[in-house]
Every structure is written in structure tokens, then in C-alpha cells.
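Step one of this worksheet: look at the structure below.
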Amino acid sequence: MGYKQFVADLRAAKEADIDAGVTEIRPGESEGSVSFNYTHQKLVSPLEIHVLDQNIDEYPEGSSFILFTASDCAGDSIVSFLSGLTPKLTGKSVQEVIASIARDLTTFIENPDESQEHSDEFEVADHSSQSDAWDEDDDDEDYEDQDDDAFGLSAGLPPTRQEPEIIIPLWQDKTDRQRHDLALAIDAGISVAAVGDRSGQLGEIIAMSINISRLGLTDDIHSIWGLRSSDHIMLLLQFPAGYPSLADFLTLQSHQAVYRARLGKCASIKPSLSSARSALSASQYSHKTETNDMHQVLPGEIQPPDADHQVKDDKFTPLHLFNSITTLLNQEFPALLRTRREHGLSWDSAQELLLRRTEGAHVRDANYSGSDAQHIADALEKNQKQQQTPNLPPILAQDHALEDEATFSIPLSMMLFSLRRLIQSSKYCASCHQRVTDGFEGMKPYVCSRPLCMDQYFSSGMAPGIEHDIINSPVVVDLLISFFFSAVSTLKIREVPKGLGLLTLYSEDLISYHDDLHAIAYFADRRVQMKTGGTQLRVGERLFLMDASSETGPYATILSYPLSRCLCRVTALDLEGFNFEICAFWKGSSAMPEHPITHQSLSFPTTSPDDTRSRRDGGTPVRVLRYHHLIDDLETPRCYSSLTVMACGIPPVSEMREFLIAKPGRRLSSWEKLDHQTYKLLHWIIVSNQSLIIQDNPGPGQSTDGEAPSTRLMGMPENWMQFRFLQGSPEKELTFQQEMKSSFEEQLARREKPFPTIFGWHGSHVGNWHSIIRTTLDHIKIEHGRSFGNGVYLSKDLSTSASYSGLNVTMVTSPDLVHPLPFFTWPHSVLQVGSAVGCCEIINQTDQFVTAEPYYVVNNIDWIQCRYLFVHINVHTLAESGLPFLQQTSRGSLGKLRQDPARHLLGPQSKPIDVPRSGVPIERFRMFPYLAPRWILDGENKSEEWTVGSSKGVDVDGILG
Ligand SMILES: [Zn+2]
């Protein structure tokens, strides 16, 4: 008996003639489940019904079926009715189960009243009082309308007077249990709403939420998460099979179907039933379904710029950025909780232990040596040491998972777990969910460095799309590609796109296959004739053509090859060769592509130097290189030069943007001008950025309203483009605030008015910034030969830091000078980045720095918080590009922040730079009110801005009675 029998019966059921509206009997998505469609003339569309035996090992005698449906046409009452059928199904065969469900459904749909009476035998509620209630409703017309809705049936069904109630004694107890659990959640500060109706439960869906403001994060973090400060973080929970006991819950396996969870946001404290339902059905079975769903509504999808404002207030929107938390909640949460409670472990230690058990047996790794018992003992000891988590806001400082059963709440523990994961999301791999141990924590969820996780993240649709960035932040995308290009072309890159299966070109290839290709290029016609024909190539493919007109020896890389080379895109194919257009070309032994001088020539020159000879001698013999080699296999210099070439094949951001906005919903991957490998590289460049970078004010000549933008640092010349810049996990801001508070507590108590922070510049060679935005500010700078100790180097004077950044001082002081270092820049860039400098806020405890003169050398990274990034750009190419400036943050003018006069920030020519108050979190002014603008202190907004909210959650629907 058991699974084998189930499969045999399922096969028999498929053959059998069940009729009664049943079609398409098929195996379900998990073991021991079966799905079928049920049709009835009164139903708008077929009902898809899923049946799962939770106790498949004892099928059929001991089977324990649950039923659910995700079909849109299933109204509340059908869902309720289906739930009520479960007890009747135990002991039946698959065929009998299906037949029984279909028969009962037909009866129910054709005569709901009769079914109602029939169900009375289950009822234990006080019948007489309920009858009274119905009597009162007798003349209530609204009530009848509601019923029609609830059935979701087509017109023609006689309206019924009431929802059929099927209450089973056992479930009545579960409602009490659910109420008990939700009361605990409300006490802990979580608001609870019951959405829709389900007999035997407090609602069809339970929505638990807190206002985002209670997480104590800054506006910048809200914005990178796609949230507004009025939003609620919301966890939806649904229990299709009834509310489980704690003991049952703890035994659930990862493919469980007892509950469904979905993390998202909602402007209202109670979501609409339809939005909640669709969010849950999208994630209901497996990760596979979820991935499909993501393809439709990924954050990277094109949305009209104002879509956010049109969203209805009560619409629940899944937070796709945090899909990994949803997956974890639906699959591993019960096992994690069980492990925690069994051994008294933390979430992290429980997760490590589970990984040891599932993976450890196969891995011969030092990490897995020692027994479980030893691991548990170590973990407990570690917990003792890390007992305190002072940086979490009060709501998250609660743990709850280890409470006794009498005071334990399943939904509360899930909600607290979700919130904690949310705020620490960048500490965990979005693919394997393990804590990232590489040390760096970014702003957004990302993956650990294990090749498997990288590959899965980028290939399975888990990673966010990039369309949204290209449309809304084209300048930032240009900047990210420029940083990458500078890093690979100057060999300064530390983070390389390995583990993605990225294919690139490799010069050895052609030297050995030279004789077979017989390719002749006619540059004037953009045509290559090949003996093998062009049909094995693909239109859109990038090819690298190398002049093969003279004998050449081995060269270290394709970029040290002494003859002309070009990167081209295949535009047409035939049996004799292919046509192409040039993406970039290199002359002589220069490693850098020929560089456009002005914007007009941003697309490469229409004739190459080889053209005259092509015409004269009837073509140039060339070697043709394809993207055929795994980047992971190339050693360093070849890898870097291959990536340099590939980056030249990324089209200008403005062109990609034009393609996307021409037709809403377009995906970049479907663009014929972008081949798959180049797309993968671009995707990685954008998504792997772990810092928040937002264009902060209009670029040169782009100021829209004529007024001086309030967010601009006053005194910076216009060829320094300003970006908002934040590094580290969302928790880092909280840590920074905490450090500030503890540093100045005594002074504040003495009623002194200290300046809690100072500002400093952090300069680094432009080739380092690709790594800086993925890791952290550069520490020691031995390369400059004047080390003042270990730590991050900052300076109050821009000239000092700019000299670190590869830019000489005269350039800093003459705004109109076009920088003389074009060879470091991405050829398609409109920014033509010549230099980049970070502007950071530092805790003003200079006597505790490693040194404060002539630089600030700070070795406590918690004392530094990045605020701005300034990029030295070519104002002409940007102005001519037509790239629009899109304001992403709307922060009002708060005036300038008062700075410590002894350590005022200095800009070009050592003139003072004023930092706007909007550059620091508003929380600052609560801690140090004398720094606040007057209107904030006096204004009526005060209470709203600063109150953290009551400690109790809201019982939205009065479910606690
Ligand atoms: Zn991982």
C-alpha cells in the first residue's frame, strides 16, 4: 500500500469513466497528489481541483486528504464547501475520491439550500441564535447580492439566502487556536486582518502587517526596496486544509500544502480579497510556479513611470525582491522552527544544522567535520556571545520562536522571521538561503559566491530584470557599465562574472583554426566571405575579426595583438558568409578601442583604416572569433581582455532605452541587437551592484524647474555629477545611528550641543570603483606609498582625495575641462567618467581615528556611512545624449546642515561645501534637535514623522471579539 497503490489507482482513475463533469485527471505537482478539472454549466469556467494525500504512506486506509482550488471562478462558498468534504474522503481510492467530490459539487451547485441542510448534521454552533440572525437578514437585499458574488457563478443560479456553513467540531477548536495565535501577534505589535470568509477559520486569508516606518529604515532604503513610507510590510497566510496545531505544523515537510505564505506590501492595513488571492495562488505549489509568475511581474518589468501612484490602496503587491523569503517560508520554515525549538538554537544555527544534515553527508569538507552534537554545542556558545542585538528596532528585537506552546503563535513567529530576514536580507544568499560568509553585506538581496548559486540566480529568473533600471535610471546604468569597463581594462577588477556560464572569446582558438576558415573581410561593404558559410552563426551574434594578413606570433591577449581588430555584430547570414556592423575597433597594438572624440561619432566611424586596402586588394584575410569559451576557464589577463571586448559590444544605454520604451512590456533579451552572452554580462553588471546609487539632481543643462536643486551639495562644479550613494545592509544605517548615539550620550546629557558627524571625501582610482560598490570603501592605500595606518582614507578637502582618484588637481578646479583620460572609459558611455569620489559621513570622534591629520584614517567601518558619489563627467557628451533626468527621490528643501566649523567639508580650491539637511536621515534631528530645521520642530508634522506607533497591532476585523 502507500504511494505505489496511489499511483496505480490514479492510473485506473484516468482510464475509468467518472463523468459527472470530471475531465483531465492527472498527477499533481507533489507526491501523492492528483488534479482534475470539474465543469458545470453554471460555472463560468472549469474548476481546477487539487487533492493531496498528506499521509500517502498509509493510502488508502489511513489517507488524509486535503482539497484546494486556485480557479478564479471558485467563489468563497465553493471553497468552503470543498474544505468541508475532506473528512468524507478518508479510506477512499483515488477514483472514489474524485467521483465523490464531483457528485457532491454537482448537488451543491444545483441546489445549494439542500446542501446547506445536509451540512447541518455537522453543526455544533448554537443553532437557535444563528437562525435568529438569519431571520433579521431576511429582507436585506445586499445580502443576496453578496451571495451571487461569493459563488462566482454565472447568472441563472437562484440566489441563496446565506453562505452554507459547514462547521466541524474539530475545526471549531482550531478557530480558537487561531484566535489565540493572532491575539499574540497583535500584542506583539502586528496588525491583523481577516480577508474573505472561510468556515472553520477566522478568514480565508490572514493578512499580518506593520507599517514600514516601524522598521526604522531610511527613505533611501525604502526606495531601493520599491516602498513608500506609507506602505505596510504584509505577510499573507492561508490554511487551505484548516488551521494546524503546533505539533502538526512542526512536522511539515518542505513540499507541504497545509499553508501558503506570501510576503509583500500594501498601502492599506487590509488587502483586497482578489489581490491577496492572486498573490497566494501564484506561489502556491512550488518554486517553479513562482518563477513563472515572476516572469510576468518582475520589478524589472516596464511600468509607466507613475504606475505606483495609480495602484489601488488596498492592492496587495508581492515583494519580488524578497521572493527568497517567501520560498523559505513556504518550504523550510517548519523544519527551521522545529530545529530551533528542539535544540534552543538561533535561526542561523538551525539553518546550518539542517544544511549539515541534508548536504553534509555528501561533502567532505572541514566545515562538516565533528558531530551534530558538537555543532549544537558550538552554536549555543556562539549564541551566548551574540545574545544582544541592540541595533534592531524594538519590534524586531522580539524572538518568540522558543516560547512554550501555551504562549506560542505560528503566524507571529512567521511574521517576525520574515521581518528579520527582510531587514537582513543581504546577509543571506537569495539562492541557497545560507548566511553569506564573504563578509560584505549589500543593500539588496543577492547570492553567495558559490557557482551553483550564481548560476541558479541568473538563469532561473530569480534575479530582478534590468529593464526598469534602463528606463528609469539610464545614467546610473551608464555609470555601472563604465565602472566595469574601467576595472577590466585597467586590470583592477576583483569581482569577475564567474559561475554564470558566461561565454566569451579566446584568441588561442583562431591561431589553431586559422587555415580552416578562409575568411575574407570587405570592410567597405561590412561583409565577410567564409568558405564554411555563415549559416552556423546567428544574427545578432558578436564576432571578433582579427586582421590575418601577416604572420603573427603568440600574444598574451587578443588586445596585445599588433594588427587591426574589430568587434562586430552579425546583421545577415547566407551560404557564403555574413554581413556585419562594427561595435568597436582597435588599431595597431593599442589595447583600447579607437575612441570617439565627440558625441556625433559615438557610433563608430563608418570607415575603418583598412577600407582602402580592402578595396585595392579585394579584401583582408581575417580570423573570426566567436563567444565560445567559458570565462571561468580563462586565466587572468585573457579573461580581462575578453571582458573588455565584450563590454564594447554593449549598445549605448540610450539605444537600449529607446527600444524598451517604444513598446511597453518589451524585454531586453528579445532585442535582436543584443546577443545572449552580452545580455548576460550586462545583467550581471547591473544586478550585482550592491550599493544604492541614485542620480540625485539634474545633470548639466538638465535642470527642469530653473530653481537650484535643493539636494545638491552647494559649491560643487557642474562637471561633477552627484549621486545618492549608500553602502552596507539596511542594518548598517541603524548601527551608524547607534554608534552616534552612544558616542554623544554623555555630552547631550550635559546639555552640550556637539556636532555628531563630519563629512569627508573618499577618492579611489576609477578602475577600483567597480569593486568598491560591490564590497566596501578601500582600506589601506599602500599603492600611494604614504600609508598612515590601516583603515579607510578620507579627506575633508576634495583636492586631496581627487588626487587619489587618478585626476589631477587642475581638472578639479577648472569645470569646463574635458578630462584627458578617455582611454579608461567605456566607448559608448555618455558620461565619459574620468574620476569618482565618495562623500561620506563620519562619526565626529577624531581623537579615536587612526589618525585625523592630514587624512582621516578610520578603522571602524561602523563609523562611516556613504552619502554621495561624485563622478567627474564629460558635460558635452551627456548634454548631447538626450538621456532624460528622472527624479527618483522627492525630498523637500530642508536647508543646509550645520557642520563642525573646525572640520568643514572643502571642495575645489578648498572652498567650503554645504551639505543639505536632506542628505542625512530625518532620525538625526530627533536625536540632535538643535541641528533640525525650525519647521520640523514647530510643524504639525512632528508627531507623525517621529512617532514609532503604538506597541500593539490593530485588530482590523475585530476577530478577537
Ligand atoms: Zn548561496
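The values are calculated or read from the model by the stated rules, or taken from the named source; none is laboratory data. Everything quoted here is computed from the prediction, not taken from an experiment. Every residue, glycine among them, receives a Cβ derived from its backbone with ideal geometry; neighbour counts consider all protein chains shown.
Just to be sure, is V7 buried (at least 20 other Cβ atoms within 10 Å of the Cβ) and either assigned by TED's automatic domain parsing to the domain that holds G242 or not charged (D, E, K, R) (or both)? Criteria not met by V7.
Contact map, the range 417-441: first residue closer than 17 Å to L337 by Cα and within 13 Å of the ligand (Cβ to nearest atom), second residue modelled with pLDDT under 85 and not in a helix (DSSP H, G or I), Cβ cut-off under 7 Å, separation 6 or more or different chains; pairs are Q434/C448. The residue that is nearest to the chain's Cα centre (by Cα), counting only those in the range 456-468 that are outside any helix (DSSP H, G or I) and away from the ligand (no atom under 14 Å from the Cβ), is P464.
Each row is one residue, and each column tells you yes or no for (1) under 30 Å from P464 (Cα atoms); (2) at pLDDT below 80; (3) not in a helix (DSSP H, G or I); (4) not assigned by TED's automatic domain parsing to the domain that holds C266.
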{"residue": "Q130", "(1), (2), (3), (4)": "no, yes, no, yes"}
{"residue": "D142", "(1), (2), (3), (4)": "no, yes, no, yes"}
{"residue": "E165", "(1), (2), (3), (4)": "no, yes, yes, yes"}
{"residue": "H180", "(1), (2), (3), (4)": "no, no, no, no"}
{"residue": "S199", "(1), (2), (3), (4)": "no, yes, yes, no"}
{"residue": "S209", "(1), (2), (3), (4)": "yes, no, yes, no"}
{"residue": "R214", "(1), (2), (3), (4)": "yes, no, no, no"}
{"residue": "I233", "(1), (2), (3), (4)": "yes, no, yes, no"}
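Mind checking which residues of the range 616-644 are in a helix (DSSP H, G or I) and at pLDDT below 85? Selection gives R616, D617, T636, P637, R638.
Say we look at the range 523-548 and pick out the residues that are under 13 Å from V624 (Cα atoms) and loosely packed, with under 15 Cβ neighbours inside 10 Å; which of these is modelled with the highest pLDDT? Filtering first and then ranking leaves Q536.
Results for (1) under 19 Å from L878 (Cα atoms); (2) under 17 Å from the mean Cα position of the chain (by Cα); (3) within 16 Å of the ligand (Cβ to nearest atom), shown as yes or no for each residue.
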| residue | (1), (2), (3) |
| --- | --- |
| M454 | no, yes, yes |
| I470 | yes, yes, no |
| S473 | yes, yes, no |
| V477 | yes, yes, no |
| S486 | yes, no, no |
| S489 | no, no, no |
| I493 | no, no, no |
| K498 | no, no, yes |
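Residues of the range 493-522 that are hydrophobic (A, V, I, L, M, F, W, C) and at pLDDT 65 or above: I493, V496, L500, L502, L503, L505, A519, I520, A521. Filtering the range 215-263 to residues that are of a type in the set (K, R) and buried (at least 20 other Cβ atoms within 10 Å of the Cβ) leaves R260, R262. A count restricted to the range 446-455 and to residues that are part of a loop (DSSP other than H, G, I, E, B), out of contact with any Ser or Thr (no Cβ under 7 Å at 6 or more places or on another chain) and buried (at least 22 other Cβ atoms within 10 Å of the Cβ) stands at 0. Quick check: anything in the range 30-44 buried (at least 20 other Cβ atoms within 10 Å of the Cβ) and over 17 Å from A8 (Cα atoms)? The answer is yes, given that some residue of the range 30-44 is buried (at least 20 other Cβ atoms within 10 Å of the Cβ) and over 17 Å from A8 (Cα atoms). Of all residue pairs spaced 6 or more apart or on separate chains, those with beta-carbon atoms under 9 Å, a first member in the range 447-474 that is within 13 Å of P497 (Cα to Cα) and hydroxyl-bearing (S, T, Y) and a second member that is assigned to a helix (DSSP H, G or I) and within 16 Å of the ligand (Cβ to nearest atom) are Y457/V687.
Of all residues in the range 396-416, those satisfying the criterion of being free of Cβ contacts under 8 Å to residues at least 12 places away in the same chain and either within 16 Å of the ligand (Cβ to nearest atom) or in a helix (DSSP H, G or I) (or both) are A397, A406. The set of residues in the range 396-442 being of a type outside the set (S, T, Y), at pLDDT below 80 and out of contact with any Phe, Trp or Tyr (no Cβ under 9 Å at 6 or more places or on another chain) consists of L396, A397, D438, G439, F440, E441, G442. Scanning the range 683-715 for residues that are at pLDDT 80 or above and over 22 Å from T775 (Cβ atoms) turns up Q695, R712, L713, M714, G715. Looking only at the range 264-291, residues that are surrounded by fewer than 19 Cβ atoms within 10 Å (Cβ to Cβ), modelled with pLDDT under 90 and under 15 Å from K315 (Cβ atoms) come to 1 in all.
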